[in-house]
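Here is the structure we will look at, set down as structure tokens.
The values are calculated or read from the model by the stated rules, or taken from the named source; none is laboratory data. It should be emphasised that the depicted structure is a prediction, and the values quoted were computed from it without experimental measurement. Cβ placement follows ideal geometry from the backbone for every residue including glycine, while neighbour counts extend to all protein chains displayed.
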Amino acid sequence: MARKTKSKNRENTLRNKFRFSIFNDTSHKELFSFKANGLMMLISLSLAVILIIVSVTFLISYTPLREYIPGYPNAESRKAIIQNAIKADSLEQTMKMWAFQLENIQRMVKGEAPLTIDTLAAAEADTSASKSTITNKLSKEDSLMRVEVMKQEMSSTTTRNIVQIEGLHFFPPVKGMISEGYNLAADHPYVDIAAPANSVVTAVLDGTVIMANWTDETGFTIQIQHSNDIISIYKHNSKLLKKAGERVKAGAAIALVGDKGNLSMGTHLHFELWHKGIAVDPTHYIKF
């Protein structure tokens, strides 16, 4: 009985008519009056709340007011974010191209065929497992190539190469003493020349610088492409004096002797001489 009474009172409240008025406090004149029953008042209040929510949402979404919300980036910030993303993508592409060029230079030095852009794109599209398989395959092929090169060096090929580049006038790369000589059996196809720190390193022949940069293992390194398929390489320098793409004359200063890189064991110049992709003994042509 009590529940029915309460329910009936609620229905009566919603059906009862109410009047909302505004009066002038001095003259008691009615300025505004609004009449409605309880249900209409509830509907009107709900519609007003919905209208306010929609209006605020519209203002925040489609007007500059949204920039005043804490944490929301303004137009300049969004523009900077987009520009930074574009620059980051450009730098990533540039680094990939540098890595691609360095890989080709190394393959040319080893006597291997250079990679193509299509090969690089295909490698990037592979999964991590595929990349691992390709890397292992390349490593195996690289090892086989090294064995083949050593066999060629131990055979009459070495003599043929010596004859082909004899008669060229090589400048000594630095004034010093050979601390460790050329030795294929010990996997040392180059010479180490002990010299005072910051001694001038010079180009052994006329040529073009094809690489001049820093590596963690060999420090400041520079490579020069000469005529007759000859490449000279200078490592562990303290400073480089030439950039990639520059033409150099025989005897021109290209770097300063140092002790840079994880593989360096003292102040010296690591010098390599390559002919047609095969490392040759520099002492056959240069008087150190």
Test each condition in (1) among the small types (Gly, Ala, Ser); (2) more than 37 Å from the chain's Cα centre (by Cα); (3) at pLDDT 70 or above for Ala85 and report the one that comes out false.
(2)
Against the conditions (1) over 25 Å from the mean Cα position of the chain (by Cα); (2) modelled with pLDDT under 95, where does Thr218 fall short? Just the number, please.
(1)
Suppose we filter the range 230-254 for residues that are outside any loop (DSSP other than H, G, I, E, B), within 29 Å of the chain's Cα centre (by Cα) and closer than 23 Å to Gln101 by Cα; how many remain?
11
Every residue in the range 255-280 that is in contact with a strand residue (DSSP E or B) (Cβ under 8 Å, 6 or more places away or on another chain) and not in a strand (DSSP E or B), please.
Asp259, Lys260, Gly261, Leu263, Ser264, Gly266, Thr267
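One line per residue, one yes/no per condition, for (1) over 14 Å from Ile231 (Cα atoms); (2) modelled with pLDDT under 90:
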{"position": "Glu103", "(1), (2)": "yes, yes"}
{"position": "Gly111", "(1), (2)": "no, yes"}
{"position": "Leu138", "(1), (2)": "yes, yes"}
{"position": "Met154", "(1), (2)": "yes, yes"}
{"position": "Phe170", "(1), (2)": "no, no"}
{"position": "Met211", "(1), (2)": "no, no"}
